[in-house]
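*Asks:* Let me give you the structure first, and then I'll get to my questions.
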């Protein structure tokens with residue numbers, strides 16, 4: 001990425017020669033295309049290929065513990081997303097000033113500071129959800145997704161890409177949280193968005209949906225083992241889809257190869 | 001840190017270990033030079049780390065300062081909501097959240113200091129809301145708050161914190177079930193009132209399907225707290241207000257009230 005920044009600065013300098021201008025325009029277009037590809041790759045990595053919840057299996061402790069309702073899942077997902085973006089941006093912005101020997105303590109410092117800020121803000125403005133998330137809010141500090149992205153991506157890339165990476169990784173994580181929340185809440189309580197007013201204010205109590213009437217709660221779905229089982233099924237589903245796509249690709253490739261052979265023989 | 005930069009030192013003729021070099025001051029050999037380079041690197045890193053620590057602390061401090069009042073307000077509101085749910089707001093007219101006493105007794109479930117909020121109407125005590133603990137929950141302590149009327153009957157009970165099994169024991173929460181409202185209006189006749197137990201133990205309170213231990217613990221906790229209140233009623237109600245910060249705020253409030261009262265009196269006098 002550092003190459004890109006140098007070309008950018010050379011583009012900015014005044015050059016009158018048209019030929020060079022043409023070459024630069026092409027270069028700029030290439031640069032743009034490369035950036036676009038980079039963003040696309042980041043999105044795919046964060047949301048699917050390298051999903052922090054389903055593939056990297058990072059941050060499982062909050063993932064399994066607070067997903068008993070959709071509201072909790074959204075609350076923790078948003079908090080993690082916010083911390084992830086902020087920490088990625090900061091780590092990326094300061095990457096030239098941080099010596100590599102002390103980068104880890106500095107990253108931890110930054111993450112801890114952001115988590116504390118988010119915690120204080122949630123305590124002040126979404127008190128109900130702050131209480132139901134309990135210990136898992138401060139535990140975001142120890143969520144490996146965050147320091148993992150800071151170390152693996154943000155510390156080597158420009159601010160914009162790092163922010164986008166944070167957004168995508170955070171979204172990927174939040175989506176898994178919400179999906180688990182939906183499954184567990186429907187199976188366990190037969191509702192959706194129960195207690196959404198704690199997170200979004202009083203108007204949100206209309207969001208509550210009674211999906212099905214349960215005489216007694218399905219305990220397994222509410223308790224942690226249910227979270228593990230649902231998580232396992234989600235991972236299996238993802239792998240099944242990936243395998244399906246892979247098989248399809250192989251079939252396509254084989255067809256192409258056959259055609260080549262025919263051409264060669266003739 | 002030091003281990004990463006030691007290699008040059010190990011080649012030096014003295015063969016001193018780096019920590020020794022760090023302490024020695026008067027070496028003029030090659031190792032002395034590397035030592036100073038290492039010192040520079042260390043002090044530079046130290047400065048960077050320190051400045052980051054200061055910056056992060058400053059940010060957290062700032063946010064904490066900005067949200068402090070709001071958090072306090074939220075907590076107060078939460079407390080008021082709970083108190084309102086167990087003592088009808090129309091029954092008292094004092095600033096109940098800031099009118100409290102501290103108490104401690106094994107009958108309140110632990111040796112922790114518990115708070116009690118006093119509801120007064122026109123200066124007369126109407127009810128008292130006591131925080132307490134039921135120690136024999138299925139999964140640890142159950143924190144609750146209960147309000148007792150002046151005549152010794154229960155005004156209301158709410159569970160504040162618990163770790164009972166979701167779906168079974170958590171029906172003691174008002175969000176999940178109205179079980180906890182059954183305490184309202186109940187009185188205790190003697191210290192060992194046998195009606196204060198779950199139905200399984202021939203008492204007057206329902207247990208839950210699949211969970212007897214939790215309601216049993218709550219009933220026992222409420223009973224014991226109620227006993228504590230009946231025994232110590234007189235000494236409890238005469239204790240001075242213990243809400244520390246309030247003592248600072250309250251006088252100014254009183255002043256403003258008396259001032260406004262006197263102003264009104266003056267106006268009335270002038271009119272006459």
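*Asks:* If you take the beta carbon distance between residue B:239 and residue A:212 as r and set R0 to 41 Å, what does 1/(1 + (r/R0)^6) give as a FRET efficiency, to the nearest 0.05?
*Replies:* Taking R0 as 41 Å, the efficiency between residue B:239 and residue A:212 is 0.20.
*Asks:* Further, regarding this structure: Out of all Cα-Cα pairs in the range A:32-114, roughly what percent, to the nearest whole number, are more than 20 Å apart?
*Replies:* Value for the range A:32-114 (Cα pairs over 20 Å): 51 percent.
*Asks:* Residues of B:61-69, mean number of Cβ from any other protein chain within 10 Å of their own Cβ, rounded to a whole number?
*Replies:* Per residue, the number of nearby Cβ atoms from other chains is 4 on average.
*Asks:* Only counting other Cβ atoms within 10 Å, I'd like B:84, A:96, A:244, A:31 sorted with the fewest neighbours first.
*Replies:* Listed from fewest to most nearby Cβ atoms, that is A:96, A:244, B:84, A:31.
*Asks:* List the residues of the range B:40-80 whose backbone N lies under 13 Å from a point placed 7 Å from the Cα of residue A:159 along the Cα-to-Cβ direction.
*Replies:* none
*Asks:* Using a Förster distance of 51 Å, how high is the FRET efficiency between residue B:40 and residue B:177, based on the Cβ-Cβ distance and rounded to 0.05?
*Replies:* Here the calculated transfer efficiency is 0.15.
*Asks:* While we're looking at this one, here's another question. Evaluate Rg over Rh across the range A:153-253, taking Cα atoms for both radii and Kirkwood's formula for Rh.
*Replies:* 1.12
*Asks:* Now a separate question. Tell me, rounded to the nearest percent, the portion of alpha carbon pairs in the range A:50-265 spaced more than 31 Å apart.
*Replies:* In whole percent, the long-distance tail amounts to 33.
*Asks:* Moving on. Within 10 Å of each residue's Cβ, count the other Cβ atoms and sort B:100, A:144 from fewest upward.
*Replies:* If I rank by nearby Cβ atoms, fewest first, I get A:144, B:100.
*Asks:* Once R0 is set to 56 Å, what does the formula 1/(1 + (r/R0)^6) return for the Cβ-Cβ distance between residue A:28 and residue B:111, expressed as a FRET efficiency to the nearest 0.05?
*Replies:* Rounded to the nearest 0.05, the efficiency is 0.15.
*Asks:* Comparing A:56, A:161, A:189, which has the greatest mean-square fluctuation in the GNM of chain A with Cα pairs linked when under 10 Å apart?
*Replies:* Taking springs between Cα atoms under 10 Å, the residue moving most is A:56.
*Asks:* May I pose another question? Which of A:205, A:92 has the fewest other C-beta atoms within 10 Å, and how do the rest follow up to the most?
*Replies:* With the fewest neighbours first, A:205, A:92 line up as A:205, A:92.
*Asks:* Can you give the angle from 0 to 90° between the axis of helix A:2-12 and the longest principal axis of chain A, with both taken from C-alpha atoms, to the nearest 10?
*Replies:* 60
*Asks:* Let me check I have the definition right: for the range B:149-201, take the eigenvalues of the Cα gyration tensor, multiply each by 5, take square roots. What are those semi-axes in whole Å, largest first?
*Replies:* In descending order the semi-axes read 23, 15, 9 Å.
*Asks:* What whole-number distance in Å separates the alpha-carbon centres of the range B:217-236 and the range A:72-139?
*Replies:* So the two Cα centres are separated by 44 Å.
*Asks:* A further question follows. What residue among A:29, A:154, A:79 shows peak mean-square fluctuation when chain A is described by a Gaussian network model with Cα springs under 10 Å?
*Replies:* For chain A, modelled as a Gaussian network with Cα springs under 10 Å, the answer is A:29.
*Asks:* Could you identify which residue out of A:149, A:103, A:184 has the top mean-square fluctuation in a GNM of chain A using Cα springs shorter than 10 Å?
*Replies:* With Cα springs under 10 Å in chain A, the top fluctuation among A:149, A:103, A:184 is at A:103.
Coordinate-derived values only; no laboratory data. Everything numeric in this text was worked out from a predicted model, so none of it was measured. Glycine also receives a Cβ, built like all others from the backbone with ideal geometry; neighbour counts cover every protein chain displayed.
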